[in-house]
Amino acid sequence: MSLWPGVASGSPRTAGRSVGGEGNHAPLKKIFTELYITEGGASEVNQEHEVRLMETASRPAADETSITCEDMFKQKPESEEPIRTVLTKGVAGVGKTVQTQKLSLDWAEGRAHQDIQLLFPFTFRELNVLRGSEFSLVELIHHFFSQTKSLSSFKFLQLLFIFDGLDECRLPLDFSWTRVLTEPTESASVEELLVNLIRGNLLPSARLWITTRPAATNQIPAEYVSMVTEVRGFTDPQKEQYFMKRFTDEATAVISHIKSIRSLYIMCYIPVFCWILSTVLQKLLKQTEKPELPKTLTEMYVHFLVVQAKVKNIKYHEGTGADLHWTDETIKMVQSLGKLAFEQLLKEKGNLIFYESDLSECGLDAAEIARYSGVFTEVFRKEQDLYEDKVYCFIHLSVQEFLAALHVHQTFYSSGVNLLSPPHSESPEAFYSSAVDLALQSPNGHLDLFLRFLVGLSLPTNQRLLPGLLTETGSDRTNQATVEYIKQKLNEEGLSTERSLNLFHCLIELNDHSLMEEIQKFMRSGRLSNRDLSPAQWSALSFLLLSSDSALEEFDLRKYCPTERSRLCLTLVLCSCGLSQSVCAPLASVLSISSLTHLDLSNNDLQDSGLELLCEGLKSAPCRLETLRFCFNILILCTDFLFIPGVSFSLI
């Protein structure tokens, strides 16, 4: 067994975003917090917005199997074939890249995968710039790893190739027409080498680990993937472990604050968001003994932008923390960033990687923009004569969406132009309602988080933190109109689970909790079961259940009280509650994301159409429903129900 010096040896350091910002690095093994990784799942593309995937990740299914990086390539007892290629998916910022760095470090220091003799970590960002160039596989390895130039053949060595960031691949990986290559010394284009390596034509005994965001998983045909895993981010205990490492005396208070705000707590499944949040809270805690900590997602990102502006002012302009950080230069810079974020994300339909030409079109200077290292960074390391093109990206998709919302908001209030539906000039009320409509029309939720930020920026408390960028509109009347419009949408029939949840998050960004307070009032009074709840109120009950962090064994609507709330009920008792067809859509919303095992719906007039809605919710649920009770005289035979695996029926 041999460890090749220099390939993955030493003590790799995480990117600044993972540890604490530019100039505040720490050895990876000291700050690394384990991530929750699951085994199994499909490699088909998932086009849902990653915020929706985060919501799903926060509710793990009961039958999920976790796996460690150390065990990924261990052959299964029931399988005759060795595991050659592992495809790992995960949303942006969840820790895929850091996970590959940690595995490389563990291998180099003798802690894991010691049957591997050589490990070669690549990123697709690096490989993209070689598009059109020809190498043999041996030459490609020599090109990136000069220490291997004394080796002319790798056939008899156990190798592990890591290809990080398939979603950023700009190489045409054509598995249908690419010619077959079997010799590592045969020259071909980089894309042909990759296709043949993944197929197993080149170095069939080598192992491959490919990471990607969920939307790009189908670029690798399923027949070439031995196992699919998913980095789900931090579990609840891992979140606490992360914040305990970042904070000392304030850790308990910080964790308590984050837990009290559901939208922030969900986002903390993403390690890079934990870094953003920690960056903000550390600065605020230093400023005063009892700081006002952010309570909404928008407020958190506004503070993050303020922190970055202050850092730039202090670091590059010899300012102090007390100096004015919103200079004309800073304002212009953020406005240009907002324009880039909007045009690439919304007008260009999801571009997350940019070139210098994209920056120039928005009036940005590459050298100046690099100073905002937390928000916007050069993603290639600088090496003379190796890379011709420099590629840029925002630190996280959510930052790009926030800046895009900032640009849309600022443009409307400075010129009256609604960029979401140009060239119309509208009233502020129409501006926000059109944004709500546009988000609801998105089939995959790509505007969900953008909408949360846009409505959140209408609050005067957020506007006052961005002088020169946002004009204080004094828009209480406008905000109330937006709240009423969202409630109106919540009352419409057929609203999906994801849409209703996002609309409730929008109400939270607007500091409106009236629907939640109504439901809690009914619950305290003991009169919830005999109330004729509106669809919006049913959605509020769903949101309340899903927002709880405790677990119930049984939720009985007839005797429900506020101390018993839970999002993970095992038994749901809804018998004789006067439920009708109109409640089935919001009820299906709860069922589709619950861990339910027993459901009692007897003595309710749900009708055939209501049963069909419930059926869809049950079929998509992560739970394993065991018992379903109906009143026989109202049960309309629904064959879909009879084929829900593992469900027994009790008809009374």
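None of the figures in this text is laboratory data; all of them are computed from the coordinates on show. Note that the coordinates shown come from a computational prediction; the quantities given were computed from them, not determined experimentally. For neighbour counting, all protein chains shown are included, and Cβ atoms are generated from backbone atoms with ideal geometry for every residue, glycine included.
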Work out the FRET efficiency for Gln607 and Ser357 from their Cβ-Cβ distance, taking R0 = 51 Å, and round it to the nearest 0.05.
-> 0.30
Can you figure out the FRET efficiency of Leu438 with Met244, using R₀ = 41 Å and their beta-carbon distance, to the nearest 0.05?
-> 0.50
With r defined as the distance between the Cβ atoms of Glu139 and Glu517 and R0 fixed at 51 Å, what FRET efficiency is calculated, to the nearest 0.05?
-> 0.15
Sort the following peptides by mean Cβ neighbour count (other Cβ atoms within 10 Å, averaged over residues), highest first: 76-88, 460-472.
-> 460-472, 76-88
Once phi is turned into ³J(HN,Hα) by the Karplus curve 6.51 cos²θ - 1.76 cosθ + 1.60 with θ = phi - 60°, what whole-Hz value does each residue of segment 91-96 show in order, with x for glycine and proline?
-> 5, 4, x, 7, x, 5
What is the distance, in nm, between label points placed 7 Å from the Cα along the Cα-to-Cβ direction at Lys259 and at Glu183?
-> 6.4 nm
In whole angstrom, how far apart do the alpha carbon centroids of segment 238-298 and segment 171-206 sit?
-> 46 Å
Relative contact order (percent, whole number), segment 79-227, Cα cutoff 8 Å, 6+ residue spacing | 39 percent
Output ordering of 289-300, 172-183, 396-407, 206-217 (per-residue mean of other Cβ within 10 Å, highest first) is 396-407, 206-217, 289-300, 172-183
Scan around Ala188 for amide H atoms under 5 Å from its own, H built in the peptide plane at 1.01 Å from N, and keep only partners 5 or more places away or cross-chain.
-> Phe135, Ser136
Segment Ser146-Arg477, extension gain: residue separation times 0.36 nm, minus the distance between their alpha carbons = 112.7 nm
His143, His409, His505 arranged by Cβ crowding within 10 Å, fewest neighbours leading | His143, His505, His409
